[in-house]
Amino acid sequence: MTGSTHQPRMSPERAEWVLRWHEAGRDRAAERTGETTEYLGRTFTVPPDVMPITPVSHVLGEAVLAEVRPGDRVLDMGTGSGVNAVLAAGTAAEVLAVDVNPSAVATARANAARNGVADRVTVREGDCFTGIDGRFDLIVFDPPFRWFAPRDTFERAVTDRDYRTLTGFMEQVDRHLTDDGRVLLFFGSSGDLDYLMELVEASPLSAAPVAELTEDRHGYPVRYVTFRLTRPPA
């Protein structure tokens, strides 16, 4: 495995470590039975075939709570269990949540209802911006961190062959933002963080970290960052 032609912007040793960690994580995921979790004041039920809430999810979740404004139209890209869509809907006027995993779509709808925001959250199956119309005040994206070929629908939440989705997102996101629109994008150095920075530099947007956490993972420091992407001042 990897089924990818992407050349990571890191040492071969670290790339091999990422691959080993990915495989270990897949083994752990196979043992999941689903869970109901209290998270940032809300309750979420997550079945085993949907990406779980992790110990670092709050690095993005807290940034969403701080960023969303009354009246915002929000897009939650790759919604998973609907966590960030539900958080945004506590303040936003309208939230569109999309995911490629049909089980995630059903789960996000159920969690929106469970948390009393179903009237403000629309959940749709979709791949990146395909079929998405209009512009958004805030776009939230928690992309797959790794560049390998996914082996099933669940694995698409964590790995994106050759970063096709991440690259397409960065190429298209500007046209889906309102004039003063913002993006919150979560990423980590257990993926190719340098490649993400290349994509940002090639885009019309600039990025600034608004929340981050560094943890030691099996001998390597791993940095998790929520970036706020905006258009530079004219």
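Couple of notes before you dig in:
- Residues located in region 87-120, provided they are free of Cβ contacts under 8 Å to residues at least 40 places away in the same chain, farther than 23 Å from P48 by Cα, crowded, with 16+ Cβ neighbours inside 10 Å and not basic (K, R): A89, G90, T91, E94, V95, V117
- Answer residue from region 103-134, given it is of a type outside the set (D, E) and modelled with pLDDT under 95 and is nearest to H176 (Cα to Cα) among those: G134
- Among the residues listed as T226, T178, T230, T167, the single one being open to solvent by 20 Å² or more (accessible area, probe 1.4 Å), touching a Leu at 6+ places or on another chain (Cβ under 7 Å), in contact (Cβ under 8 Å) with a residue 40 or more places away in the chain and of a type outside the set (D, E, K, R): T230
- For region 197-223, the set of residues classified as surrounded by 15 or more Cβ atoms within 10 Å (Cβ to Cβ) and among the small types (G, A, S) consists of S203, A207, A211, listed by residue number.
- Output for region 135-146, where each listed residue is open to solvent by less than 30 Å² (accessible area, probe 1.4 Å) and under 19 Å from L205 (Cβ atoms): F136, L138, I139, V140, F141, P143
- Flag if D194 is touching a residue at least 24 places away in the same chain (Cβ under 8 Å), part of a helix (DSSP H, G or I) and open to solvent by 10 Å² or more (accessible area, probe 1.4 Å): yes
- Only a single criterion out of (1) touching a helix residue (DSSP H, G or I) at 6+ places or on another chain (Cβ under 8 Å); (2) in a strand (DSSP E or B) is not satisfied by D179, namely (1).
- Index of the failed condition, L65 passing every other in (1) within 16 Å of the chain's Cα centre (by Cα); (2) open to solvent by less than 50 Å² (accessible area, probe 1.4 Å): (2)
- Qualifying residues in region 147-163 (those that are under 13 Å from P8 (Cβ atoms) and out of contact with any Pro (no Cβ under 9 Å at 6 or more places or on another chain)) - the one most open to solvent (accessible area, probe 1.4 Å): D162
- Scanning region 1-56 for residues that are under 19 Å from T107 (Cα atoms), open to solvent by less than 40 Å² (accessible area, probe 1.4 Å) and at pLDDT below 90 yields A29, G34.
The values are calculated or read from the model by the stated rules, or taken from the named source; none is laboratory data. On a predicted model such as this, the values are computed, not experimentally measured, just so you know. Because the Cβ atoms are built from the backbone with ideal geometry, glycine has one as well, and the counts that use them run over all protein chains shown. To get the accessible areas, we keep the full protein, side chains included, count just its heavy atoms, and leave off ligands, DNA and RNA. Shrake-Rupley method; radii C 1.70, N 1.55, O 1.52, S 1.80 Å.
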